[in-house]
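The values are calculated or read from the model by the stated rules, or taken from the named source; none is laboratory data. Since the model is a prediction, treat every value here as computed from it, not as a measurement. Positions of Cβ are backbone-derived with ideal geometry, glycine not excepted, and every protein chain shown enters the neighbour counts. In case anyone asks, the SASA skips ligands and DNA or RNA and just uses the protein heavy atoms, side chains included. Shrake-Rupley method; radii C 1.70, N 1.55, O 1.52, S 1.80 Å.
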Amino acid sequence: MSQIHLRAQPGDVAEYVLLPGDPNRARHIAETYLEDAELYTEHRQLLGFTGSYRGVRVSVQTTGMGCPSAAIVAEELARLGATTLLRVGTLGGATPRVKPADLVVATAAVPHDGTTRQLLGGAPYAPAASFEVVEAAVQAARAQGVPHHVGLIMTEDAFYASTPEHARLWAARGVLGFEMEASALFLVAAQHGLRAGCLTTCSNDIGDPQLVPGEVLAEGVDRMIRVALDTVVTLASC
């Protein structure tokens, strides 16, 4: 049966799915990195493509911005047969040691969002990435020589609410940066018995209102995508 938002059928989606928020990034990944990529959905601009990378069937599915949209997409991907969900996006750095364009591999996400709270009925919970995905991503980053950080991130709803003081407070608690989808992705994946991970490229320090220059961010995103795809290859060979 076709899903309400993705308008896709079982078989359209691969077991391994990369999840960018931006439809333009989804198209870029499909056209640049995948072989024989085909568009399977464009409903609501949630562009989805399936192709292959180094012999592994891979999909790229747009989530849109924020946990409500990401949770819908993750839920429908689970129903369509996906088994591994890997977010590829950007985050604001909580600490100056996470430099612009650095890669951050999330181990877990502080759920400072409304979607996970509603899904859990307010119960305390620690949304975490799957160990196998984190392990494979770190191996890929090391093999490629990509500067990276591994640890805790925070998922929030209000992009413009973050302040330098807020960032430094949570940095003192071990948070590397802030983004808007991971906690819901980790929770929905856990509810369906799926593996999930989150790779992000640092777009700016929360204390700096300016994003990293476009060409520098593009290079960081390229490194992140290559790490993500090699992560998929490693997971597929296990």
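A few comments on the model shown:
- Qualifying residue in the range 144-165 (condition: more than 18 Å from the chain's Cα centre (by Cα), modelled with pLDDT of 95 or more, open to solvent by 10 Å² or more (accessible area, probe 1.4 Å) and more than 17 Å from His192 (Cα to Cα)): yes
- Residue, surrounded by the most Cβ atoms within 10 Å (Cβ to Cβ), within the range 12-71, restricted to residues that are more than 19 Å from Glu181 (Cβ to Cβ) and acidic (Asp, Glu): Asp12
- Taking the criterion of being outside any helix (DSSP H, G or I) and either of a type in the set (Val, Ile, Thr) or in contact with a Phe, Trp or Tyr (Cβ under 6 Å, 6 or more places away or on another chain) (or both), the residues of the range 163-194 that qualify are Thr163, Val175.
- Screening Ala190 on (1) over 14 Å from Ala94 (Cβ atoms); (2) at pLDDT below 95 shows it passes everything except condition (2).
- Candidates Val232, Val221 - the one that is at pLDDT 95 or above, among the hydrophobic types (A, V, I, L, M, F, W, C) and open to solvent by 10 Å² or more (accessible area, probe 1.4 Å): Val221
- Within the range 48-64, being assigned to a strand (DSSP E or B) and touching a residue at least 40 places away in the same chain (Cβ under 8 Å) holds for Gly48, Tyr53, Val56, Arg57, Val58, Ser59, Val60, Gln61.
- Pair list, Cβ under 7 Å, 6 or more apart: the range 118-131 residue under 11 Å from Ala106 (Cα atoms), other residue part of a loop (DSSP other than H, G, I, E, B) and open to solvent by less than 50 Å² (accessible area, probe 1.4 Å): none
- Any hit, the range 105-121, residues being outside any strand (DSSP E or B), touching a strand residue (DSSP E or B) at 6+ places or on another chain (Cβ under 6 Å) and among the small types (Gly, Ala, Ser): no
- Tabulated pairs, the range 208-220, first within 17 Å of Val146 (Cβ to Cβ), second open to solvent by less than 70 Å² (accessible area, probe 1.4 Å) and part of a helix (DSSP H, G or I), C-beta under 8 angstrom, 6+ apart or interchain: Val212/Gly220
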